[in-house]
Every structure is written in structure tokens, then in C-alpha cells.
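Structure first, commentary second.
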Amino acid sequence: MKAVELFSEKQIAAIEAAIKAAERSTSGELRLYIEDHCEDKDVLDRAAFLFNKLKMHQTSQRNGVLIYLAVADKRFAIVGDAGINAMVPANFWDAIKEDMLQAFKTGAFEDGLKNGITASGKALATHFPFDRNTDTNELSDEIIIK
């Protein structure tokens, strides 16, 4: 399956709504990037490259999180910026990935992503709560599908 075929427009809207909902309680930023292949790179290296390319490291509190999927390669990664990584245990993202993987194994990609987004959002909200007086949406909530 190709990245552009993975989700219907309705599913994309539901996932983007999950991103918006997660960000309502945090100053953190969540992004989702989906493509076919990792471009012959390690999945985490590719995700880190895209994290930088998307300028996610430029948020004011360094609290961005990228969820990356390489559909044809059946690989995915979660990359958190320095601000959130300093607040959570070293294996924190692995636990979220494992939960997502269980959904992915049954073909429930939308549910897996929404679970990962929600869990990431809760961690961000714990350490970077939303402040309506100062917080702005620094990065787009739109899913990137290549």
C-alpha cells in the first residue's frame, strides 16, 4: 500500500482533529509525516532529518513531537525535541510506539495514530501545559503525506 492510499479524507480529518485536540491542552506541537519509504535510511535517522527539515526544533520551548511512518517499509518512529525529551523517561516514546504497533498489526492505522497522538499530547500537557495568554500554534496540524 502507498502512503497516499492509506487513509480516506474522513480518516485524515479525524487524525488532524486528534492533533488539534491534543494541542488544546499543551503548548507542545505535534506533527505527522507519512511517506512510502525511508529513502534507504534508518527510520529514526529519516524521522530526525524530517524533524529538522520541518523546523520542529524551532518551537519556543523545544517541545515538538514528530510521528513518522514509512508505509511500504512498514517502519515508524517518534521523535521528540530536547525540551520534552528532558522531561520524560528515556524509553517513553518506545511505550507509545508499542501501543501504536499493536493497533497497526490489526490494520487499525487510524486508531494507532490517534492513540499515539493522544498519549504524546498528554505527556506534553503534563510538562508544557497550555497558557491561553501566551501560547500560539507554532506549527501546522495538517498531516504531511508524500
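The values are calculated or read from the model by the stated rules, or taken from the named source; none is laboratory data. The structure presented is a predicted model; accordingly, all values stated were derived computationally and were not measured. Note: ideal-geometry Cβ built from the backbone for every residue, glycine included; neighbour counts use all protein chains shown.
Kindly provide the set of residues from segment 1-20 that are part of a helix (DSSP H, G or I), among the aliphatic types (A, V, I, L, M) and modelled with pLDDT under 95, ordered by number.
A3, V4, listed by residue number.
Could you list all residues from segment 1-45 that are closer than 19 Å to G107 by Cα, β-branched (V, I, T) and touching a helix residue (DSSP H, G or I) at 6+ places or on another chain (Cβ under 6 Å)?
Matches in segment 1-45: I15, I34.
Would you mention how many residues in segment 135-146 are touching a residue at least 24 places away in the same chain (Cβ under 8 Å) and exposed (fewer than 14 other Cβ atoms within 10 Å of the Cβ)?
4
Give segment 23-47 a look and list any residue that's outside any loop (DSSP other than H, G, I, E, B), within 12 Å of the chain's Cα centre (by Cα) and either aromatic (F, W, Y) or at pLDDT below 95 (or both), or say none.
Within segment 23-47, E23, E29, Y33 meet the criteria.
Could you grab me the full set of residues in segment 113-129 that are surrounded by 15 or more Cβ atoms within 10 Å (Cβ to Cβ), over 11 Å from I19 (Cα atoms) and in contact with a strand residue (DSSP E or B) (Cβ under 7 Å, 6 or more places away or on another chain)?
Result: L124, A125, F128.
What about E9, is it more than 16 Å from the chain's Cα centre (by Cα) and either surrounded by fewer than 19 Cβ atoms within 10 Å (Cβ to Cβ) or polar (S, T, N, Q) (or both)?
Taking the combined requirement at face value, the residue satisfies it.
Give V65, V4, V88 a once-over and let me know the one that is crowded, with 19+ Cβ neighbours inside 10 Å and either in contact (Cβ under 8 Å) with a residue 24 or more places away in the chain or touching an Asp or Glu at 6+ places or on another chain (Cβ under 6 Å) (or both).
Selected residue: V65, the only one of V65, V4, V88 that is crowded, with 19+ Cβ neighbours inside 10 Å and either in contact (Cβ under 8 Å) with a residue 24 or more places away in the chain or touching an Asp or Glu at 6+ places or on another chain (Cβ under 6 Å) (or both).
Quick check on segment 96-108: of everything there that is surrounded by 12 or more Cβ atoms within 10 Å (Cβ to Cβ) and more than 13 Å from the chain's Cα centre (by Cα), which residue is nearest to D36 (Cα to Cα)?
Looking at residues that are surrounded by 12 or more Cβ atoms within 10 Å (Cβ to Cβ) and more than 13 Å from the chain's Cα centre (by Cα), I get F104.
The conditions are (1) of a type outside the set (F, W, Y); (2) in contact with a strand residue (DSSP E or B) (Cβ under 8 Å, 6 or more places away or on another chain); (3) at positive phi, and A77 fails exactly one of them. Which is it?
Failed condition: (3).
Select from segment 120-145 the residues that are among the β-branched types (V, I, T) and under 23 Å from L6 (Cα atoms) and write down the one among them that is farthest from the chain's Cα centre (by Cα).
I145
What number of residues in segment 32-46 are surrounded by fewer than 22 Cβ atoms within 10 Å (Cβ to Cβ) and basic (K, R)?
Total meeting the criteria: 1.
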